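Asks: Before we start, here is the structure in question, set down as structure tokens.
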4 protein chains.
Amino acid sequence: MTRKLEDIQQKILDFRNARDWAQFHDPKNLAEALSIEAGELLENFLWKTTEQSRNLSTDELKNVSEELADIFIFLTYLSEEFKIDLLREAEKKIAANEAKYPVNKAKGSNKKYTKL
Amino acid sequence: MTRKLEDIQQKILDFRNARDWAQFHDPKNLAEALSIEAGELLENFLWKTTEQSRNLSTDELKNVSEELADIFIFLTYLSEEFKIDLLREAEKKIAANEAKYPVNKAKGSNKKYTKL
Amino acid sequence: MTRKLEDIQQKILDFRNARDWAQFHDPKNLAEALSIEAGELLENFLWKTTEQSRNLSTDELKNVSEELADIFIFLTYLSEEFKIDLLREAEKKIAANEAKYPVNKAKGSNKKYTKL
Amino acid sequence: MTRKLEDIQQKILDFRNARDWAQFHDPKNLAEALSIEAGELLENFLWKTTEQSRNLSTDELKNVSEELADIFIFLTYLSEEFKIDLLREAEKKIAANEAKYPVNKAKGSNKKYTKL
């Protein structure tokens, strides 16, 4: 079975259209929803050290998977609202980051580009 | 030119590997980064009404595009860390939401499924 | 009965000390906790218009009160960690904001100070 | 000089009233603002380990102080909007947490109360 980005994005939009929910999906509310989901994702790592965060229980991993899905769904709605091509923007951002963080300066360093 | 999800995800991972940054990219920090970016996204809509949020200036739209890209990049790193198939999880989540929000009950309503 | 800021802050610290939890309360985790609580606060207003957000149900109001309390508790722990006098900092911040937003320019406007 | 909670809260409200900003300060926007500030606070600890987060530079400490002040200011506006007594709510929350986390079970443990 082939699962393609465009197919999933279309399913996400179809789900909404069948429920007539575009009226509630203004960008302010969508950005709030995404931010709330990001907090729920983060909750899986709270009170852990950075090392411990790499070893999740099965329950935590299931929850993380669902939160990532929710965030992807709200990314899709926001992209659709503003006619943003998410892949193209990600590609541009990586290109910009390559200029900000040249390998010879940034390799192995966790400093912000303004401090390199 | 074909731009595919897998290609972009690979570029995102290549960018990191060239800089030896996987060592800093534990899930706790990645989830923090995603949450911080979600806050920066939300800032574009602050002090606006929900109606006003649909009409952004060119500068705001550019900033929104970049924040969505950043969020997508951190989604990619988190998915890779836990070997999560983002599209498959999104598809499962939409299927679960279809069960929680049946069209005949949820159509035109912004109530949570527990209140339907 | 007199309820004073210092008394409540001391109760918050006593609660922690009795449980030997200072070891988990490094600032990174405290800032995560505060951010997660801020997301839970925001959830009470999700899918509402700005107008609707002024009219909460009794349940929502109770939840908002608890989230504000949680945020205040984490503010207290963070202030204690860094020996920050929260009231003094708030006073300084208001003074700084008075300079950034002079009444004659900012009155009735929701523009950022860089746009005034 | 005596600096009291009520005095600072009054200054925060006076600042707003002089600028006629209560009209923009609906709870939805205030909760967004608080959440955005919480993200900015968290940014000071990003890419650090939990241990490193206890040792901030002077610049980072100054920034943390300002973010805590901003969060306190938005807590004040939200409390005022809903006529919530922040200290009383914090006191109630600590009492509730004492019941959820009895010392004999919770001492030295970072488990959630549902797992104790």
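The values are calculated or read from the model by the stated rules, or taken from the named source; none is laboratory data. Only a predicted model underlies this, so the values are computations on that prediction, with no experimental measurement involved. Cβ atoms come from the backbone with ideal geometry, glycine included; neighbour counts cover every protein chain shown. Accessible surface is based on the protein model in full, side chains and every heavy atom, while ligands, DNA and RNA are left aside. Shrake-Rupley method; radii C 1.70, N 1.55, O 1.52, S 1.80 Å.
Let's see how each residue does on (1) modelled with pLDDT under 95; (2) farther than 18 Å from B:F45 by Cβ:
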| site | (1), (2) |
| --- | --- |
| C:L5 | yes, yes |
| C:Q10 | no, yes |
| C:L13 | no, yes |
| C:N17 | no, yes |
| C:D26 | no, yes |
| C:A33 | no, yes |
| C:E43 | no, no |
| C:E51 | yes, no |
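Asks: State yes or no: is B:I94 at the interface with another protein chain (Cβ under 7 Å from one of its Cβ atoms), farther than 20 Å from A:L13 by Cα and part of a helix (DSSP H, G or I)?
Replies: no
Asks: Tell me which residues, restricted to segment C:14-34, are within 7 Å of chain D (Cβ to nearest Cβ) and either touching a helix residue (DSSP H, G or I) at 6+ places or on another chain (Cβ under 7 Å) or buried (at least 22 other Cβ atoms within 10 Å of the Cβ) (or both).
Replies: Residues satisfying the conditions are C:F15, C:A18, C:R19, C:D26, C:P27, C:K28, C:N29, C:A31, C:E32, C:L34.
Asks: Another question, then. Note down all Cβ pairs under 8 Å where the first residue falls in segment D:4-29 and is aromatic (F, W, Y), the second is open to solvent by 80 Å² or more (accessible area, probe 1.4 Å), and they're at least six residues apart or on different chains.
Replies: D:F15/C:E98
Asks: If I ask for residues that are closer than 19 Å to C:L86 by Cα and surrounded by fewer than 21 Cβ atoms within 10 Å (Cβ to Cβ), which ones from segment D:90-116 would you list?
Replies: Initial filter on segment D:90-116 (closer than 19 Å to C:L86 by Cα): D:90-91.
Matches in segment D:90-116: D:E91 only.
Asks: Name the single residue that is nearest to the chain's Cα centre (by Cα) among those in segment D:65-89 being over 12 Å from D:Q9 (Cα atoms) and more than 7 Å from every other protein chain (Cβ to nearest Cβ).
Replies: Per the stated criteria, the residue is D:E67.
Asks: Which of (1) assigned to a loop (DSSP other than H, G, I, E, B); (2) open to solvent by 50 Å² or more (accessible area, probe 1.4 Å) is the odd one out, the single condition C:E40 does not satisfy?
Replies: (1)
Asks: Would it be correct to say that A:D59 is within 14 Å of chain C (Cβ to nearest Cβ) and under 30 Å from D:K112 (Cα atoms)?
Replies: no
Asks: Okay, moving on. Of the residues A:T50, A:T58, which single one is touching a Lys or Arg at 6+ places or on another chain (Cβ under 7 Å) and of a type in the set (S, T, Y)? First the steps, then the outcome.
Replies: Values: A:T58 fails: touching a Lys or Arg at 6+ places or on another chain (Cβ under 7 Å).
That would be A:T50, the only listed residue that is touching a Lys or Arg at 6+ places or on another chain (Cβ under 7 Å) and of a type in the set (S, T, Y).
Asks: Name every residue in segment A:43-64 that is in a helix (DSSP H, G or I) and open to solvent by less than 30 Å² (accessible area, probe 1.4 Å), in order of residue number.
Replies: A:S53, A:V64
Asks: Looking at B:E60, B:E89, can you tell me which residue is farther than 26 Å from A:A96 by Cα and of a type in the set (D, E, K, R)? Before you say what the answer is, go through the steps one by one.
Replies: On the way: B:E60 fails: farther than 26 Å from A:A96 by Cα.
B:E89 is the lone residue from the list that is farther than 26 Å from A:A96 by Cα and of a type in the set (D, E, K, R).
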